[in-house]
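Asker: Dropping a structure here in structure tokens format, bear with me for questions.
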Amino acid sequence: MRVFRWGSAFDAFRDLEREMDRLLHNVHMTHEGLRIGRPFPAVNIYELQDEFLLTAELPGTRVEDLDLSVSNGLLTIRGSRTTTAEVGDHEFRRSERPQGRWERSFQLPERVHDTAMFAELQNGVLLLHLPKAPSALARQIPVSDGSEALIEANVTPVPE
Amino acid sequence: MTESEPTVPSTMAAPRAEATATNLPQHWVCTPPIDIFETPEGLVLRADLPGVTAETLDLQVQDNKLTLLGRVVPQAPEGARLIHQEYHVGDYVRSFILSDDVDHDRITAKITNGVLDLLLPRTPKPEPRRIQVRAN
């Protein structure tokens, strides 16, 4: 099931898109028409001038329950949530919140500086900053006056 | 406890009409997923409200209706271009009808890591009272 796409605006991205989403079997999806069929966690990706920003909704996830890793350009986010494990099944009147272990993987575009990535977890929202590689940033190319350069070249004595 | 008349359509999110009318950025309202379970003291309602803090959460009990409204701030800085979207960032609204055995005055709430824990204690049962019977 293809759930994740790395944007679609750039042809360069299209080649790099790869979907490796995996919902582990014990992730219990919400029901009652709330968020059926959505991958967990839901992820948004933004492009800024000098970075990509991946945001994910991870309510109830603590920093120690979260594991982010990058290997060969593949970003993997893993975590778990077992906040109601202490409650017996028969005590539930309603159960809509997903629980359990989950894992999602994304192929990073080559333009990401993968050693400079950093993440914040605030109030159940993960912000993963993916700085663009220096080569991907727009660079000014200096232009000198061509005629002067030509004259200089002409007066340079040719070594004998 | 039962869920009251939905104040928003039952779909996950819907743009708020008045926001679009005044040309503001489109505003979303989401129905947060909840768990409700029983404990010896009463009921616990747990809701996923990522991005909501104690300052931006508004809980109201009026008559028997409990309404939660969680406001969120945009997660991405201004000018960010959305290139992939799986969820909408929006405020959370959901309301419930409390049953009579919930002690409204002792409801407590806390929010940690974007999860609201609402404790709804039961009204203490009145002590049995013996009625003296007098013989004429």
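Only the coordinates and a few stated rules stand behind these numbers; no lab work does. Only a predicted model underlies this, so the values are computations on that prediction, with no experimental measurement involved. Cβ atoms come from the backbone with ideal geometry, glycine included; neighbour counts cover every protein chain shown.
Asker: Under the Karplus relation 6.51 cos²θ - 1.76 cosθ + 1.60, θ = phi - 60°, what is the ordered set of whole-Hz ³J(HN,Hα) values for the range B:61-71, x standing for Gly and Pro?
Answerer: Karplus values, whole Hz, x for Gly and Pro: 10, 10, 6, 10, 9, 9, 10, 10, 9, x, 9.
Asker: While we're here: What's the extension gain from B:Glu78 to B:Glu38 if we count 0.36 nm per residue and subtract their Cα-Cα distance?
Answerer: Numbers: separation 40, 0.36 × 40 = 14.40 nm, distance 4.30 nm.
Answer, rounded to one decimal: 10.1 nm.
Asker: Give me Rg/Rg_expected for the range B:42-91, where Rg uses Cα atoms only and Rg_expected = 2.2 N^0.38 Å with N residues.
Answerer: 1.51
Asker: Subtract the Cα-Cα distance of B:Val61 and B:Thr123 from 0.36 nm times their separation in residues, and report this length gain in nm to one decimal.
Answerer: This chain segment gains 20.7 nm when fully extended.
Asker: Another question, if that's okay. Can you pull the mean other chain C-beta count within 10 Å for peptide B:30-40?
Answerer: Counting Cβ atoms of other protein chains within 10 Å of each residue's Cβ and averaging gives 6.
Asker: Now, a different point. Averaged across B:102-112, how many Cβ atoms of other chains sit within 10 Å of each residue's Cβ atom?
Answerer: Values: counts 0, 0, 0, 0, 0, 0, 0, 0, 0, 3, 6.
So the per-residue partner count for this stretch is 1.
Asker: For the range A:86-97, take each phi angle, set θ = phi - 60°, evaluate the Karplus expression 6.51 cos²θ - 1.76 cosθ + 1.60, and give the result in whole Hz per residue in order, putting x for glycine and proline.
Answerer: So the J values, rounded to whole Hz, are 6, 9, x, 4, 6, 7, 6, 9, 7, 9, 10, 7.
Asker: Can I ask one more? For the peptides A:55-66, B:63-74, what is the packing order when you average, over each peptide's residues, the other Cβ atoms within 10 Å and list the highest mean first?
Answerer: On the way: A:55-66: 19.8, B:63-74: 16.3.
Packing proxy ranking, top to bottom: A:55-66, B:63-74.
Asker: Can you give me the distance in nm between label points at B:Asn136 and B:Thr112, each placed 7 Å from the Cα along the Cα-to-Cβ direction?
Answerer: Taking the two extended label points, one gets 6.5 nm.
Asker: Assuming R0 = 41 Å, can you tell me the calculated FRET efficiency for the pair A:Ser135 and A:Arg78, based on Cβ-Cβ distance, to the nearest 0.05? Walk me through the intermediate numbers first.
Answerer: On the way: r = 30 Å, r/R0 = 0.73.
Efficiency for this residue pair is about 0.85.
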